[in-house]
Amino acid sequence: MMETMLVPKQKSNQVEFPVADLIQERRSSRAYSSQFIEPEKINSLFEAARWAPSSMNEQPWVYIYATKDQPELWNKLLDTLHESNRLWAKEAPLLILSIARKTHLRNGVSNGAARYDVGAANAFLSIQATQLGLNVHQMGGYDRQKAIESFNLPETHEPVVIMAVGYAGDTENLSENLRLREAAPRERNTQEFFVMNKTF
C-alpha cells in the first residue's frame, strides 16, 4: 500500500513561541554588498563552528574558504555552483565549502552522524554571522563531483554545502524573480506539521 505523503496544512510567517533574537533575525538573502569581511569576523565564524556539538565529540567538519581577493581559490568555489546560484553568489565576498569527514579519527569506522554534525556546525556559523551583521546563504545546488576533484578531497571526506557570506546588499541588483523571492514573507511550517506526541 502506498504511503500517504505528508502535506503541510498551514504555514506561518509569525514566530509563534519565544525564540532567541538571533534566530528571528537570521536570513538567507541573495543580495550582497561588495564590502569585504574583516579577517577577525571570518575567524569568529569558524570559532562558532568549532564549538558546535558532535557525536562522540568527533568534530567531523572541515572548511575550505576563499575571499574575493583570492581569485584563484574563490573562482574554484564559484565554478562548482549551479548556474542559478552563480548568478547571485558571484557578488559574495566570501565563499565556504563545508566538508564532512566520513570516518572516525580514532578507529577509521564510518561515522553515520558526520553530515548531521556538519549541519550543526554550519548552523552555529550562521547564527554567529547574524550576530556580526553578516548574511549566510547555504547552497546544495552545486556539482559535488567537481568539488571533490577541484579540491582534491580524499575518499574519507565528502562535500556538504557551499555557503555565500557577506554584508547585505541592495536587492534591486538582483534579477526580477530573485527580487520577488527576497520580498516574499519568510514562512515556515507550523509545529503541527513536524512535531508529534504520538507514533506515526
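Observations, loosely collected:
- Index of the failed condition, A129 passing every other in (1) free of Cβ contacts under 8 Å to residues at least 60 places away in the same chain; (2) open to solvent by less than 50 Å² (accessible area, probe 1.4 Å): (1)
- A single entry from A100, A120 fulfils the requirement of being modelled with pLDDT of 95 or more and in a helix (DSSP H, G or I): A120.
- Here L78, L94, L87 are screened, and the one residue that is open to solvent by 20 Å² or more (accessible area, probe 1.4 Å) and at negative phi is L87.
- Flag for D69 being open to solvent by 20 Å² or more (accessible area, probe 1.4 Å), among the charged types (D, E, K, R) and over 27 Å from L132 (Cα atoms): no
- Positions within region 102-126 being β-branched (V, I, T), open to solvent by less than 50 Å² (accessible area, probe 1.4 Å) and more than 16 Å from the chain's Cα centre (by Cα), in sequence order: T103
- Which numbered condition G140 fails, given (1) open to solvent by 50 Å² or more (accessible area, probe 1.4 Å); (2) more than 19 Å from S33 (Cα to Cα): (1)
- Taking region 175-200 as the range and being hydrophobic (A, V, I, L, M, F, W, C), closer than 25 Å to L87 by Cα and open to solvent by 100 Å² or more (accessible area, probe 1.4 Å) as the test, only L180 passes.
- Pair list, Cβ < 8 Å and 6+ apart or interchain, from region 10-26 residues that are surrounded by 11 or more Cβ atoms within 10 Å (Cβ to Cβ) to residues that are basic (K, R) and not in a loop (DSSP other than H, G, I, E, B): K11/R188; S12/R188
- Meets criteria (at pLDDT below 95 and either on the phi > 0 side of the Ramachandran plot or of a type in the set (A, V, I, L, M) (or both)) for A168: yes
- Scanning region 155-174 for residues that are loosely packed, with under 12 Cβ neighbours inside 10 Å and not in a helix (DSSP H, G or I) yields E155, D170.
- Here A66, A52 are screened, and the one residue that is under 25 Å from V165 (Cα atoms) and either in a strand (DSSP E or B) or among the hydroxyl-bearing types (S, T, Y) (or both) is A66.
- Restricting attention to region 34-67, the residues that are more than 25 Å from D117 (Cα to Cα) and in contact with a Gly (Cβ under 9 Å, 6 or more places away or on another chain) add up to 4.
The values are calculated or read from the model by the stated rules, or taken from the named source; none is laboratory data. Being a predicted model, the structure only gives us computed values, none of them experimental. Virtual Cβ from ideal backbone geometry, glycine too; neighbours counted across all protein chains shown. These accessible areas exclude ligands, DNA and RNA; they are computed on the full protein's heavy atoms, side chains included. Shrake-Rupley method; radii C 1.70, N 1.55, O 1.52, S 1.80 Å.
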